[in-house]
Amino acid sequence: MERTFLAIKPDGVQRGLVGEIIRRFETKGFTLVGLKFMKVSKELAEKHYDVHRERPFFPGLVEFIISSPVVAMVWQGEGVVAAARKIIGATNPLTAEPGTIRGDFGVNVGRNLIHGSDAQETAQTEIALWFKEEELVAWQPHSTPWLS
Ligand code: CMP
């Protein structure tokens, strides 16, 4: 089953949006299989954002991610990678559609509340970077009438 990596960033935690953000994925019908509340090390932040290493905002992005706790999560479900990106909205909250997390709650590209893997391959890499295999819980909700 497809999985994606999501992280509620320091601004999402500081603003008290953890419950609201998790609710959107739960009520959509995706399954939570991993959850950690944690301070991020500089090493992990730099690895996670390695693709942006040469960008001018990279140092500030890393400093921000390690500044305060994040909620790291793995969600599971059919098509969850692309669907989560839609639920999250465009990278810049100013252009993100209303109804998306960033569109509803954000105004600044550097404070866009949540990260979501951009593709299935990236999701696998990010899940392996943030979670040990034994930290992921294999389970299914008892009843999934919305899927049948
Ligand atoms: P995220 O989805 O976590 O992936 C990379 C992050 O870099 C992105 O969200 C933004 O928070 C951040 N980012 C992208 N562009 C800029 C920018 N121009 N200035 C500051 N941060 C940026």
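Placing a label point 7 Å from the Cα of Q140 along the Cα-to-Cβ line, no residue of the range 91-133 has its backbone N under 20 Å from it. Computed from the Cβ-Cβ distance with R0 of 30 Å, the FRET efficiency linking D50 to L147 stands at 0.25.
Treating only the Cβ of Lys, Arg, Asp and Glu as charged (+1, +1, -1, -1), what charge dipole size does the chain show about its Cα centre? Round to the nearest 20 debye.
360 debye
Taking Cα pairs under 8 Å and at least six residues apart, what relative contact order does the chain come out at, in percent?
Numbers: 236 pairs, mean separation 52.2, N = 148.
Averaging sequence separation for qualifying contacts and normalising by length gives 35 percent for the chain.
A dipole drawn for the range 20-99 from +1 and -1 charges on Cβ atoms has a positive end, and of P56, P98, F37 the residue lying farthest that way is F37.
Laboratory data are not the source of any read-out in this text; all were calculated from the coordinates shown. The shown structure was predicted, so the numbers you read here are calculated from the model rather than taken from an experiment. Positions of Cβ are backbone-derived with ideal geometry, glycine not excepted, and every protein chain shown enters the neighbour counts.
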